[in-house]
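What follows is a set of notes on a single structure, which appears directly below.
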Amino acid sequence: QSATKSILIQNAYFLPDGQVREALAQAVARGVDVQVMVPGRHIDLPMVRFASWHHYGELLAAGVRIFEYRQTMMHNKTMVVDGLYSTIGSINFDTRSMNRNAEESLAFYDRGFAQKMEAMFADDKKHCEEITYRAWKKRGLAQRLAELVFWVFEPYY
């Protein structure tokens, strides 16, 4: 909520709750460049990908940029804020990680380290496809139904 320039998130299971979605939307409204990288079709839990897509419209409409990593399974759990604050760990943006699992992350307040993290994000982004609001709106009925079905089980992922 204090970001002023950028928020870069890489997360294997990106199912942020309403509070986090609202915070990301508010950051964009303040002029913050918010980018999220998630796995594409190479994911160990495809139902999580469908459940994630259920919330993309709200985020994309707010101006959050979402990228799917296409090369292999992406299992990163990182964040860089304003090129200064970084986290690396096992915490996913999902209910289970936030409330039930014994997850850990390391936090770094170091510009040099953050720059290295940003460079890794930029390099990984070369292997991504951006999900646009227009593409999200055009997805087919089968995908929309899958999203709805798997979204119902979101608390269990």
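The values are calculated or read from the model by the stated rules, or taken from the named source; none is laboratory data. Only a predicted model underlies this, so the values are computations on that prediction, with no experimental measurement involved. Counting neighbours? That spans all protein chains shown, and the Cβs are built from the backbone with ideal geometry, glycine included. We work out accessible area using only protein heavy atoms, side chains counted, and drop any ligands, DNA or RNA first. Shrake-Rupley method; radii C 1.70, N 1.55, O 1.52, S 1.80 Å.
Nothing charged except the Cβ atoms of Lys and Arg (+1) and of Asp and Glu (-1): what's the magnitude of the dipole of the chain about its Cα centre? Round to the nearest 20 debye. Don't jump to the answer; show the numbers that get you there.
Numbers: 19 positive and 18 negative charges, 97 e Å.
The calculation lands at about 460 debye.
Going by amide H atoms built from the backbone, whose H comes under 5 Å of the H on M74, apart from near neighbours?
Correct list: G40.
Taking region 1-146 as the region of interest, what is the percent of Cα-Cα pairs per 10 angstrom bin, listed from the shortest bin to the one with the maximum distance?
Histogramming region 1-146 at 10 Å steps yields 11, 42, 38, 8, 1 percent.
List the residues of region 41-75 whose backbone N lies under 15 Å from a point placed 7 Å from the Cα of R134 along the Cα-to-Cβ direction.
In region 41-75, the label zone of R134 (backbone N under 15 Å from the point 7 Å along Cα→Cβ) covers 61.
Let me know the charge dipole size of region 1-84 about its Cα centre in debye, to the nearest 20, where only the beta-carbon of Lys, Arg (+1) and Asp, Glu (-1) is charged.
Working: 8 positive and 7 negative charges, 35 e Å.
With Lys and Arg at +1 and Asp and Glu at -1, about 160 debye.
Working with all protein chains in place, sort K116, K125, K137 by solvent-accessible area computed with a 1.4 Å probe, largest first.
On the way: K116 140, K125 60, K137 105 Å².
The residues order as K116, K137, K125, largest area first.
Output the antiparallel fraction of DSSP beta bridges having both residues in the chain, as a percent to the nearest 5. Spell out each step's value before the answer.
On the way: 18 of 29 bridges.
Just about 60 percent of them are antiparallel.
Can you count the Lys pairs in the chain whose Cα atoms are under 26 Å apart, with each pair 8 or more apart or on different chains?
Qualifying lysine pairs in the chain: 13.
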